[in-house]
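Student: Dumping the structure here so I can ask a few things about it.
The values are calculated or read from the model by the stated rules, or taken from the named source; none is laboratory data. The structure displayed is predicted, hence computed values, not measured ones. Methodologically, a virtual Cβ is constructed for each residue, glycine included, from the backbone with ideal geometry; neighbour enumeration extends over all protein chains shown. Each accessible area value is taken on the protein alone, full model and side chains, heavy atoms only, with ligands, DNA and RNA left out. Shrake-Rupley method; radii C 1.70, N 1.55, O 1.52, S 1.80 Å.
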Amino acid sequence: MLEKVDILLDEVAKFTATDLNQVEEFRIRLLGKKGEITALMSDFRNVPNEQKKEFGQKLNTLKTAALEKVNEIKDSLESSSTSNKEKQDLTRPAEYTPLGARHPLSVVRKEILDIFTRIGFSISEGPEIEDDFHNFTALNFPPEHPARDMQDTFFIDDEIALRTHTSSVQVRVMENSTPPIRTVSPGRVFRNEAISARAHCIFHQVEGLYIDKGVSFADLKQTLLYFAKEMFGENTEIRLRPSYFPFTEPSAEVDVSCQICNGKGCNVCKHTGFLEIMGCGMVDPNVLENCGIDSTVYSGFAFGMGIERITMLKYQINDLRHFFENDLRFLNQFKSAY
Ligand code: DAH
């Protein structure tokens, strides 16, 4: 009987099949109710006691081997037959491949940068952890200016802080290059603010800087009008309101005509017909001098905008927190944006 087990073991090892019927026949012949292995199992009680252990172990090995073989060949025949069938249907529609989406802030950031690189601006970046000189002093912030207050700035120590604006990159670019300079600087900025629908402690800005001989406020105005039309549409108008920033003189706040009501007045623009999009101005001569540029030879303009703000206006998003929560129901809506 031991010999019989050996013969069957050998047979199992050598067994191959080209279709499922052969596998089934083989299974019935060995493992079926009247199968050879089943018969050996019931003969077990006739085996002399001293051989029972060896015989039992061998028989178990045989049974497992036979079961495994049957399943293995069945699986491989089944999977190859389905993949053959799939190959045959050449008209079958392609599998659906789920696409990811760019984050709306990335979409708008790219759009802003594209608009400016088209008219000759380069892209520059600077560190998020800045020293006092680049974030404040060089930009003409007097030592007692409230923006240096602990409430606005995340200080790391007396000298080092998380940058509160990307204007710090202007300083770095001016220090390291000679005019003409035309650059836009995108980046993350940090302010010690309570998080709400309209404020966050982390947000994104794009800073713009243009320095050359004879740059005037008219150049600034025309550049911003070009930007507004490219960003919000050909019929967009801009409005400049006098304002104050330590690093520009004169300074202005830039508004664009409301996209929702076309400037007629609605809830979104609080019935003014305009929405604020950025700050700007002529670079203060002190700032040029602080950065090693001769203010008697060169002049320039600068502007700074929040990417979140532009995105909210463009897509009519009413809560800043959506940008940071990574809720797929929000993010999936930007799949068609590029
Ligand atoms: N840095 C300003 C802010 O964070 C924005 C800004 C205003 C930048 C006027 C400029 C500018 O370059 O000229 O609020």
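Student: Show me the helices (runs of 4 or more DSSP H) entirely contained within region 1-102 in which 1 or more residues are under 45 Å from the mean Cα position of the chain (by Cα).
Tutor: 49-88
Student: What is the one condition in (1) within 24 Å of Phe324 (Cα to Cα); (2) buried (at least 18 other Cβ atoms within 10 Å of the Cβ) that Asn192 does not satisfy?
Tutor: (2)
Student: So which residues in region 305-329 are more than 23 Å from Leu113 (Cβ to Cβ) and open to solvent by less than 80 Å² (accessible area, probe 1.4 Å)?
Tutor: If the condition is that a residue be more than 23 Å from Leu113 (Cβ to Cβ) and open to solvent by less than 80 Å² (accessible area, probe 1.4 Å), then Asp319, Asp327 are the ones that fit.
The rows are residues; the columns are (1) over 17 Å from Arg109 (Cα atoms); (2) open to solvent by 50 Å² or more (accessible area, probe 1.4 Å); (3) not assigned by TED's automatic domain parsing to the domain that holds His145.
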{"residue": "Val171", "(1), (2), (3)": "yes, no, no"}
{"residue": "Met174", "(1), (2), (3)": "yes, no, no"}
{"residue": "Pro179", "(1), (2), (3)": "yes, no, no"}
{"residue": "Arg182", "(1), (2), (3)": "yes, yes, no"}
{"residue": "Ile211", "(1), (2), (3)": "yes, no, no"}
{"residue": "Gln222", "(1), (2), (3)": "yes, yes, no"}
{"residue": "Lys229", "(1), (2), (3)": "no, yes, no"}
{"residue": "Pro246", "(1), (2), (3)": "yes, no, no"}
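Student: Can you name every residue in region 139-159 that is within 13 Å of the ligand (Cβ to nearest atom) and either farther than 21 Å from Ala302 by Cβ or open to solvent by less than 50 Å² (accessible area, probe 1.4 Å) (or both)?
Tutor: Leu139, Asn140, Phe141, His145, Ala147, Thr153
Student: Are any residues in region 250-299 in a strand (DSSP E or B) and away from the ligand (no atom under 15 Å from the Cβ), and if so, which ones?
Tutor: Val256, Ser257, Phe274, Leu275
Student: Condition first: out of contact with any Leu (no Cβ under 8 Å at 6 or more places or on another chain), within 16 Å of the ligand (Cβ to nearest atom) and part of a loop (DSSP other than H, G, I, E, B). Can you find one or more residues in region 316-325 that meet it?
Tutor: Scanning region 316-325, I find at least one residue that is out of contact with any Leu (no Cβ under 8 Å at 6 or more places or on another chain), within 16 Å of the ligand (Cβ to nearest atom) and part of a loop (DSSP other than H, G, I, E, B), so the answer is yes.
Student: Could you run through region 160-206 and say how many residues are within 10 Å of the ligand (Cβ to nearest atom), of a type in the set (Ser, Thr, Tyr) and in a loop (DSSP other than H, G, I, E, B)?
Tutor: 2
Rundown of residues vs (1) within 31 Å of the chain's Cα centre (by Cα); (2) assigned to a loop (DSSP other than H, G, I, E, B); (3) modelled with pLDDT of 95 or more, yes/no style:
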| residue | (1), (2), (3) |
| --- | --- |
| Glu111 | yes, no, yes |
| Pro127 | yes, yes, yes |
| His134 | yes, no, yes |
| Glu144 | no, yes, no |
